[in-house]
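Accompanying notes for the structure given below.
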Amino acid sequence: MSLQPRARASKILVGVLTLLAVVPVPKSSFAYPEAGSDSFDSSAMVFFTPVPGCPLAPDANNSLVQKVTLKGPTTVQRGAPETPPDGHETFETEIVELELSGTSPLGPVVIRQDDNRRTLGRVTQQDAGKDFPADSFFDVFVDVQIGPATYTNIDPVRMASKIYSLPPHAFAYLPPPGTCVPLALEGTTVPTLWMIHAEHLPLTTRDCVAVTNASLMLSQPGSTMSMTGKNDGPGSAQLIYGKAPQGSQTVDTELVAMSLTGTLHDERGGTIPFSIKEPPRTGSFGKLSGGGPDSFFDVFIEVQLGDQSFGVGHLPMRGSHNPQAGGKLTFQGQHPLGGWMLNRLDVDFGAPATCPAGSYPPA
């Protein structure tokens, strides 16, 4: 059976692709919120050396280099978004809480936000009118407590990342290559310790779930022809969850991966194989409210129909999703797929399972 709805299919496809090329993509309703704060757990990896001038590489096997891993809470204050003349929407940020704890041969290590000097930053769209990916940075001032001694960085260290969500789930903030940050004992200005590398990683809760059932319905505009189909076997999906602000039952969510295959059937007995995938790092963001009864995702997927592939963006899927028990998301409406129209998509998620090794994003 041919996928194209007779002779008009190629013209319809060209028309749809032309329309998609000239019509601006709408902004996600969940990106760049108004001024507020984001709280999340985070981890860090820091390399210190007592050797002046930072001639050494960040090598944990070097006895003159000390690697420390830490974890703890981070809170970032966001300013109101603004749009400068170049069209790249931006907003100011500030780390208002940072308390990372770890251990070293010299004793416990705690890195805190400096009480006297602010850590300021900014988030800016890479492409005007498109929220993600975005460039994010902070000019960081911290107190570093190692055993009984406390050090401070004399100059700010710029930590930067390309982010795909707010909060910036699972994307590490790094200093420029070759960074050498002098640290002085508190109350002095003479450096006695140097930081030669650092990574700060916002952590997130991640679920890998089975897609137990999925179904979709297509129709042909201008005719009575339609197709329906279901997945042939279990598919898979990965979801990540932010941390709910204090006193709130709503958390930011992101569908970061989905894969399923199936077969479409028409009323004449014809069949077409289909597959649905979410492209990596496209940002299918959403919210989960009240522990799951009200869930929403602004979905980006690739739909393969026979030998043709179509990109679908900003597909609103709503439903109920409980992180512990699974749930269901549904799109119902009209979305063009070449010469066809997607009228409905249902995806049922099972309970969370262990994520496979190498899953995106890192656990």
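We did not get these values from a lab; they are worked out from the coordinates using the rules stated. Keep in mind it's a predicted model, so treat the numbers as computed, not measured. Ideal geometry is used to build each Cβ from the backbone, glycine not excepted, and the neighbour counts take in all protein chains shown.
In straight Cα distance, which aspartates and glutamates are under 19 Å from Lys277, not counting same-chain residues fewer than 8 positions off?
Correct list for Lys277: Asp207, Asp232, Glu254, Asp298, Glu302, Asp307, Asp346, Asp348.
Can you give me the orientation-averaged projected area of the convex hull built on the Cα atoms of the stretch 133-176, in nm²?
3.9 nm²
With only Lys, Arg, Asp and Glu charged, each at its Cβ (+1 for the first two, -1 for the last two), find how big the charge dipole of the stretch 36-202 is about the Cα centre; round to the nearest 20 debye.
420 debye
What net charge do the residues around Met317 carry, taking every other residue with its C-beta under 14 Å from that of Met317, with Lys and Arg at +1 and Asp and Glu at -1?
-2
Can you put Tyr32, Tyr151 in order of Cβ neighbours within 10 angstrom, beginning with the fewest?
Tyr32, Tyr151
Would you please report the Å³ per residue occupied by the convex hull of the alpha carbon atoms in the stretch 36-202?
115 Å³
Under the 0.36 nm per residue contour assumption, what length would be gained going from the current alpha-carbon distance of Ala353 and Thr83 to full extension?
93.0 nm
Suppose each label sits 7 Å from its Cα in the direction of the beta carbon; what would the Leu174-Ser289 distance come out to in nanometres?
Inter-label distance under the simple model: 3.9 nm.
Along the charge dipole of the stretch 36-202, which of Ile154, Val46, Thr119 sits closest to the positive end, that is, farthest toward it, with unit charges on the beta carbon of Lys, Arg, Asp and Glu (+1, +1, -1, -1)?
Ranked along the dipole, the leading option is Val46.
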